[in-house]
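Okay, so here's the structure we're looking at.
The values are calculated or read from the model by the stated rules, or taken from the named source; none is laboratory data. All figures in this text were calculated on a predicted structure; none of them were measured in a lab. Neighbour counts are summed over all protein chains in view; Cβ atoms, including those assigned to glycine, are modelled from backbone coordinates with ideal geometry.
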Amino acid sequence: MIYINFHGKRGASILPKLLEFEQLKKSHANSSETLLFNKVSAALACHDRIALLGTSGQGKSTLLRILSLLDIADEGDIRLEGVSSKQFDPIEWRMKICYVAQQAVMLPGSVEDNLRTVHQLHHIPYDVQLVNKLLSQAGLEAIDLNKNAADLSGGEKQRIALIRSLLLRPKILLLDEITASLDQSNANRVENMLQEWHRKEGTSIIWVTHQLEQAARISDYVWFMDNHTLLERTSTDQFFEQPETELARRYLQQPADRGALCLS
Ligand SMILES: Nc1ncnc2c1ncn2[C@@H]1O[C@H](COP(=O)(O)OP(=O)(O)OP(=O)(O)O)[C@@H](O)[C@H]1O
Ligand SMILES: [Mg+2]
């Protein structure tokens, strides 16, 4: 059976709608007159892996923060499995849709206190085996769990924050340049950990990155922001091979510090 899915592509089966947002509008923080973005609409299905791309300042982080209810859109609606965010307790919402920031925020206490937070807050058992597995996959097998979390390096904090989010087993992960401060080897580990997590748990992922090679590896679809909106939503292959807009073509041609693209 042929159907047209949320991305406007032909596919083989009907996937349930997980997250939908329509006509999101946001003005700049310092001026309600200056538009950051407008008419931002898209839908995310279960298991989708999206790379959210665009030059600096397009509002990618702001969009992720709005989707996790850490920020408010001026206009528009967001629905999770058909239920508007307005009908949700924000804490419940953020258990299902987790935002992992580039600048990780550690809670007071030790590394282990941070990892146990989720379980204490939500009264679910602490799975030591899973924690150890994730620490090892993220290259943190030797970390001292009794260490004060505030004393960790930026890259260590980032990985602990990511693992803390995974332990919630959210339906959707919103990842904001989470490997940006890691060396290549640890960035690869984190990528592999998330790929395995996605395969096993089916978590949908929206991942902001400036590294095009990474975007090609970790996504099935690209959402491209430019010109104050979500300009393109297309399959990753098509975006890199034949982007629809001139702005996307120019973006792909920029000799940025994100490295040359290799799709092989
Ligand atoms: N809460 C907010 N409300 C309105 N504007 C904001 C808010 N937070 C940040 N901004 C502004 O919106 C613009 C885009 O910021 P944002 O961090 O979302 O961009 P970005 O696409 O993630 O950029 P980068 O790739 O550099 O991380 C910036 O000028 C920023 O100052
Ligand atoms: Mg950003």
Worksheet entry | Looking only at the stretch 83-130, and only at residues there that are aromatic (Phe, Trp, Tyr) and over 27 Å from Ser181 (Cα atoms), the one that is nearest to ligand 1 (Cβ to nearest atom) | Trp93
Fill in: Residues of the stretch 215-242 satisfying the condition of being among the small types (Gly, Ala, Ser) and within 16 Å of ligand 1 (Cβ to nearest atom)
Ala215
Worksheet item: Among Leu152, Leu175, which is of a type outside the set (D, E, K, R) and within 16 Å of ligand 1 (Cβ to nearest atom)?
Response: Leu175
Worksheet item: Inside the stretch 60-98, can you point out the residues that are more than 19 Å from Leu230 (Cβ to Cβ) and of a type in the set (D, E, K, R)?
Response: Glu81, Lys86, Asp89, Glu92, Arg94, Lys96
Worksheet entry | Tally, over the stretch 177-231, of residues that are acidic (Asp, Glu), closer than 14 Å to Arg49 by Cβ and assigned to a loop (DSSP other than H, G, I, E, B) | 1
Worksheet item: Which one is farthest from the chain's Cα centre (by Cα), of the residues in the stretch 201-214 that are hydrophobic (A, V, I, L, M, F, W, C) and more than 13 Å from ligand 1 (Cβ to nearest atom)?
Response: Leu212
Worksheet item: Counting only residues that are among the charged types (D, E, K, R), more than 8 Å from ligand 1 (Cβ to nearest atom) and at negative phi, which one in the stretch 33-66 is surrounded by the most Cβ atoms within 10 Å (Cβ to Cβ)?
Response: Asp48
Practice prompt. Filter the stretch 25-61 down to residues that are part of a loop (DSSP other than H, G, I, E, B) and more than 14 Å from ligand 2 (Cβ to nearest atom) and give me whichever is modelled with the lowest pLDDT.
Written response: Asn30
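Here is a yes/no grid of residues against (1) within 16 Å of ligand 2 (Cβ to nearest atom); (2) modelled with pLDDT under 95; (3) of a type in the set (Ser, Thr, Tyr):
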{"site": "Leu63", "(1), (2), (3)": "yes, no, no"}
{"site": "Glu75", "(1), (2), (3)": "no, no, no"}
{"site": "Gly82", "(1), (2), (3)": "no, yes, no"}
{"site": "Ser85", "(1), (2), (3)": "no, no, yes"}
{"site": "Ile97", "(1), (2), (3)": "no, no, no"}
{"site": "Gln103", "(1), (2), (3)": "yes, yes, no"}
